[in-house]
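A short write-up of the structure that comes next.
Values in this text are rule-based calculations from the coordinates and carry no lab data. These numbers were taken from a predicted model, which means no experiment stands behind them. Because the Cβ atoms are built from the backbone with ideal geometry, glycine has one as well, and the counts that use them run over all protein chains shown.
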Amino acid sequence: MRLDFTPEQEAFRKEVRDWLDEQLAGPFAHVRGLEGTSEGITERFEWERHLGRTGWNTLAWPKAFGGRQIDLMEQVLYHEEYARSGAPGRLSHVGLELVAPTIMMFGNDEQRARFLPQTALVEIVWAQLFSEPNAGSDLANVQTRARLEERPDGDVWVIEGQKIWSSFAQYSQWGMALVRTEPGSVGAKGLSMLLIPMQGKGIDIRPISQMTGGSSFNEVFFDSAETPANNVVGAPGEGWKVAMGTLMFERGGATLGQQMGFRAELDRIIRVAKANGAARDPGIAKRIARAQAELRTMRYTALRMLSSTGGNRAALTYKLYYTSWHQRLGELAMDVMGAAGEIAEPGSDAYRLQKMYLESRSDSIWAGTSQIQRNIIAERGLGLPREAKPAK
């Protein structure tokens, strides 16, 4: 396992750091520190379009699609420096890191030419339309359906159903939806992946109010919504294979490099603990020390995965490990602040830690629940028998 970086990688880190520091101390100083699901939405999209115009959205994309094709270690360095700089969390994450790689891998040339350039520039914001009220952890239970209709001016898919937990769908121009296109099919069979214009008729997007005060999640209802027949990614009926490819991107490189953001949150907790005297409590001090050690373990685990010395088993455990850790960190933050954490003023360290605590409650649900992650570890990592399914 490598614990250091090559001179070339350190040079890349400096390039990223210098550019971000210049931008966030100059023309985009006003977006530094914005976070959560509701702060400065307009300003953050302008910042992300600036990243697109200057080529920083597509560092990992293949050169054939206009990217720099940096390797995985450099991607981690980029994410680390991005978090260290105080730049705001990405609202266009779905399009850049999930939809675009899916279109590259499974789409056709027409779809790549049409969608990738605009996605890179954040001229298109995408929604991922997978989960449904009864198809989240059991994704294969998708019930939203689409039928192909012949029309004089071109065949269309007509879509009926409901999606939920669609991040930032209220800002999206396009959505990538897993739908059932073969009547009578069950499970992973008979599904297709459609690209759907989100501003068209028959689509109702309803933001969900969250306890953080923001509304990053949405319900999306389809009532005879339409999309052209050629907006299917891969072949009709092969949607499950495409969806698994998308989830591979979601659970892979997109989550690496986040430890720098965790580091900033832990530093904020330590700062508050020293200021209000909580650090003198032996119990609090022990939990802070444990968080420090576990964060270091997380970093070594990431390096082990990148060095390929841990095999796939290390990668399987990563999501479960960091989401459990982050929820404990949120609880530590609230205990450090005490009653003051419940009446924190916007803009303060206490306010940001309060929001971090509230948002961390969803960590063990999104992108595969902890229960699903444990099943994956048991079945794929340890080779245990598959979970028994009820007869249908």
Margin query: Can you give me the distance in nm between label points at Gln292 and Arg32, each placed 7 Å from the Cα along the Cα-to-Cβ direction?
Written below: 2.7
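Using per-residue counts of other Cβ atoms within 10 Å, averaged over each peptide, order 138-147, 365-374 from highest down. Don't skip to the answer; put the middle values down first.
Numbers: 138-147: 17.8, 365-374: 15.9.
Sorting 138-147, 365-374 by mean packing, highest first, produces 138-147, 365-374.
If each residue of separation counts as 0.36 nm, what is the full-extension length gain between Glu46 and Ser137 once their alpha-carbon separation is subtracted? Working shown, then result.
Working: separation 91, 0.36 × 91 = 32.76 nm, distance 3.41 nm.
Net length gain for the segment: 29.4 nm.
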Margin query: Testing the spin-label approximation: label points 7 Å from Cα along Cα→Cβ at Ser185 and Gln173. State their distance in nm.
Written below: 3.0
Check: Where in segment 40-54 does the amide nitrogen come within less than 12 Å of the point 7 Å from the Cα of Glu22, taken along Cα to Cβ?
Finding: none
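Show that you can apply the helix-only estimate: for the chain, add -39,500 (n - 2.57) for every DSSP H stretch of four or more residues, divide by all residues, and state [θ] at 222 nm to the nearest 500.
Details: 11 runs with 167 residues, N = 392.
Rounded to the nearest 500, the figure is -14000 deg cm²/dmol.
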Next item on the list: Past 22 Å, Cα to Cα, is the threshold; run Lys163/Lys201; Lys163/Lys189; Lys189/Lys319 against it and keep the listed order.
Entry: Lys189/Lys319
Checklist line | aspartates and glutamates with Cα under 16 Å of Lys241, excluding same-chain neighbours fewer than 8 positions away | finding: Asp138, Glu182, Glu250
Check: Can you list the lysines whose alpha carbon sits under 21 Å from that of Lys286, skipping same-chain ones fewer than 8 residues off?
Finding: Lys274
Margin query: Residues of segment 319-356 with backbone nitrogen within less than 16 Å of a virtual label 7 Å along the Cα-to-Cβ line of Met211, please, listed as ranges.
Written below: 327-335, 341-344, 353-356
Checklist line | lysines whose Cα lies under 23 Å from that of Lys63, excluding same-chain neighbours fewer than 8 positions away | finding: Lys14
